[in-house]
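Notes follow once the structure below has been shown.
The values are calculated or read from the model by the stated rules, or taken from the named source; none is laboratory data. None of the values given here were measured: they were computed from a predicted structure. Glycine gets a Cβ as well: all are built from the backbone with ideal geometry, and neighbour counts include every protein chain shown.
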Amino acid sequence: MKAVVLNGVTPAKQVILSEAEIPKVRPGWVLVKVRAFGMNHSEQILRLHEIEADYIEKPIIPGIECVGEIADASDSSFSMGQKVAALMGGMGRSFNGSYAEYALLPAHHVFPVQTGLSWKEFAAVPETYFTAWGSLFECLGLKPSDTLLVRGGTCALGYAAIQIAKALGCRVIATTHRQEKLPLLAGVDEAVLDNGKLEGELHGATKALELVGPKTLADTLRCMEKGGIVCNTGILGGVYTLNGFDPIKFIPNGVYLTGFNSNWPTQQVMDDIFAFIDRNKLKPCIGASYGFGDIREACLALDGGKVNGKIVVEVVG
């Protein structure tokens, strides 16, 4: 099979397809014929930095999500040809991931899905919508009466969160730090140019999805109404931790801080997401799509950070 195989730090311009053995199944694992996969910032981090960590056993095939069909069900309850989505659980880090024509995956992180979406549309859902869904409902307890602030709205996760919140009936405020991207937020109730300090500029937010991350987290907390909740999910700002974090001074009185880790999807949640998409006739926001033979160009687009929406790669075969 063809696959992207990493042995060390690999800038996008050096990404190539290599020949690799189709994995052999073993108990508890299933072989998935990959039809398409979405691309994620975490895969860029792996290629450029994390690949050097001792806990990454090399060579490694990257990719934290995919959609496809069961090629070998092993000892699972799946059936041959069954349509599935797979995400997280160590994909592309603890074991080989989805940048390949076939992926051997633990059965507990592979989920049967019924959907009328095309393979390309289907591939734009798993990690992005699962992360948005978990952040909004598990962490923020989002309700139709809420006003949701999405800080960093012009990314794939931001678009998904906005789409879900608007379908639910929420008022949505979304930000971008680029003037030229404000028109991309036309579907929200209030689009805001983010200069890094929004305290005093925004009013009424009861819930916030922080996608810029620790770089703007303190300011986001100070934008909230009393009783408001902030969920830190993204790290678009390039700052990954808070040094000298003092919760008493950092978190305003009566405001709550939480975070979402997307490593534990479940069948129930995946069923809920696709039912919601179907019920509300939602279409994932795809910013660009590529064939597998153009994986280098797809990685260049990912690293360039200029694609508005999810980058999807369709695997032909």
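Determine, yes or no, whether Ala160 is in contact with a helix residue (DSSP H, G or I) (Cβ under 6 Å, 6 or more places away or on another chain), surrounded by 20 or more Cβ atoms within 10 Å (Cβ to Cβ) and within 30 Å of Ala71 (Cβ to Cβ).
Working: in contact with a helix residue (DSSP H, G or I) (Cβ under 6 Å, 6 or more places away or on another chain): yes; surrounded by 20 or more Cβ atoms within 10 Å (Cβ to Cβ): yes; within 30 Å of Ala71 (Cβ to Cβ): yes.
When the stated conditions are applied, Ala160 passes them.
Out of the residues in region 116-157 that are assigned to a loop (DSSP other than H, G, I, E, B) and touching a helix residue (DSSP H, G or I) at 6+ places or on another chain (Cβ under 6 Å), state the one that is farthest from Lys197 (Cα to Cα). Give the derivation first.
Our first condition is that a residue be assigned to a loop (DSSP other than H, G, I, E, B); within region 116-157, this holds for 116-118, 124-125, 140-146, 152-155.
Then drop every residue that is not touching a helix residue (DSSP H, G or I) at 6+ places or on another chain (Cβ under 6 Å), which leaves 142, 144, 152-154.
Numbers: Leu142: 24, Pro144: 27, Gly152: 13, Gly153: 16, Thr154: 18 Å.
Filtering first and then ranking leaves Pro144.
Which one is farthest from Glu210 (Cα to Cα), of the residues in region 171-187 that are surrounded by 21 or more Cβ atoms within 10 Å (Cβ to Cβ) and not hydroxyl-bearing (Ser, Thr, Tyr)? I'd like the intermediate steps shown before the answer.
Applying the first criterion (surrounded by 21 or more Cβ atoms within 10 Å (Cβ to Cβ)) to region 171-187 yields 172-176, 185.
Now restrict to residues that are not hydroxyl-bearing (Ser, Thr, Tyr): 172-174, 185.
Numbers: Val172: 13, Ile173: 12, Ala174: 10, Leu185: 16 Å.
Per the criteria, the residue is Leu185.
Working only within region 1-45, note down all residues that are of a type outside the set (A, V, I, L, M) and in a helix (DSSP H, G or I). Write out each step before concluding.
From region 1-45, those of a type outside the set (A, V, I, L, M) are 2, 7-8, 10-11, 13-14, 18-19, 21, 23-24, 26-29, 33, 35, 37-38, 40-44; that's our starting set.
Lys13, Gln14, His41, Ser42, Glu43, Gln44 - these are the residues of region 1-45 that are of a type outside the set (A, V, I, L, M) and in a helix (DSSP H, G or I).
Within region 218-233, restricting attention to residues that are touching a residue at least 40 places away in the same chain (Cβ under 8 Å) and out of contact with any Ser or Thr (no Cβ under 9 Å at 6 or more places or on another chain), which residue is farthest from Gly204 (Cα to Cα)?
Going through the qualifying residues, I end up with Thr220.
Does Leu300 satisfy the criteria of being modelled with pLDDT under 95 and on the phi < 0 side of the Ramachandran plot?
Numbers: modelled with pLDDT under 95: no; on the phi < 0 side of the Ramachandran plot: yes.
Criteria not met by Leu300.
Taking region 254-307, which residues are under 25 Å from Arg93 (Cα atoms), of a type in the set (Phe, Trp, Tyr) and in a helix (DSSP H, G or I)?
Phe292, the sole residue that qualifies.
So Ile51 ticks every box in (1) assigned to a helix (DSSP H, G or I); (2) touching a strand residue (DSSP E or B) at 6+ places or on another chain (Cβ under 7 Å); (3) surrounded by fewer than 18 Cβ atoms within 10 Å (Cβ to Cβ); (4) not acidic (Asp, Glu) but one. Which box is left unticked?
(3)
For region 185-201, check the following and say yes or no: at least one residue is polar (S, T, N, Q), within 25 Å of Val307 (Cα to Cα), out of contact with any Phe, Trp or Tyr (no Cβ under 8 Å at 6 or more places or on another chain) and outside the structural domain of Ile70 (by TED's automatic domain parsing). Working first, answer last.
As a first pass, look at region 185-201 and keep what is polar (S, T, N, Q): 195.
Subsequent filtering for residues that are within 25 Å of Val307 (Cα to Cα) retains 195.
Cutting the leftovers down to out of contact with any Phe, Trp or Tyr (no Cβ under 8 Å at 6 or more places or on another chain) gives us 195.
Subsequent filtering for residues that are outside the structural domain of Ile70 (by TED's automatic domain parsing) retains 195.
Yes: one or more hits.
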